[in-house]
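Q: Sharing a structure, written as structure tokens. Questions coming.
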Amino acid sequence: MRPTLAFAEPTSADKFAEADSVRARINEMQEQLTIAGENYYKALDEHEAAVQAVADAQARIDEANAQIAELQDKLSKRARSMYRSGQTTALDVILGATTFEEFATSWDLLNDINDNDAAMVQQTKDLRAEVEAAKIELEKQERIAAEKAEEAARIKAEAEQTSKRWKPRCNSLTPRLRRCWSRNRKRHVLPKL
């Protein structure tokens, strides 16, 4: 009798146990990839929403700037007109009126003009504040869009890495199981992967 080394060749049961273990890990990886896919598309949707918010904020800024330009034009024309014709003061209204009715009408007109000028100045200030707020929102949405694009790229890269890690393992497992199954096909049924 000749001494031999006592290395046991893996049995088909060992191979099937290994296959079950790998299948469980593959299922776990598949769940992770599914979650990563959902997170990827969620990040893309959030990126798209942020890009749309940037466009909306830019539209608000453009609209407000157009209104500001229009108001500035009206105020400039009013200032030029006052400069050319001379500004009407309360003293001009009092001294220039020949009747009380003329005085009251001129006084009301002067007050209306002053109120209108003040309203245009206030509206211009409000629009400028709105533009500043919209610019802040635009910058915030641009940051969010960039972050979500980076997040989507990171998720995609991680999913691709996971897939690359497992693909060779899965490909090498199938031939080993088939060899084992062909030797022991009468005793075992090959599990489905």
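No value in this document is a laboratory result; all are computed from the given coordinates. Everything numeric in this text was worked out from a predicted model, so none of it was measured. Cβ sites come from the backbone with ideal geometry, for glycine too, and all protein chains shown count toward neighbours.
Q: Give me the extension gain from Ala129 to Asn116: residue separation times 0.36 nm, minus the current Cα-Cα distance, reported in nm with one decimal.
A: Taking Ala129 through Asn116 to full extension adds about 2.7 nm, to one decimal.
Q: If you don't mind, another one. What pairs from Lys15/Lys164; Lys140/Lys164; Lys77/Lys125; Lys74/Lys125; Lys125/Lys148; Lys42/Lys140 go past 26 Å between their alpha carbons?
A: Going by Cα-Cα distance, Lys140/Lys164; Lys125/Lys148 fall outside the 26 Å limit.
Q: Please turn the phi angles of the stretch 145-161 into ³J(HN,Hα) values with the Karplus equation 6.51 cos²θ - 1.76 cosθ + 1.60 (θ = phi - 60°), one per residue in order, whole Hz, x for glycine and proline.
A: 4, 5, 4, 5, 5, 5, 4, 5, 5, 5, 4, 4, 5, 5, 5, 5, 5
Q: Along Cα→Cβ, 7 Å out, is where each label goes; now give me the distance between the ones at Thr99 and Glu160 in nm to one decimal.
A: Reported label-point gap for Thr99 and Glu160 is 8.8 nm.
Q: Something else now. Between Gln72 and Ala153, what's the calculated FRET efficiency when r is the beta-carbon distance and R0 is 35 Å? Round to 0.05.
A: The formula returns an efficiency of 0.20 here.
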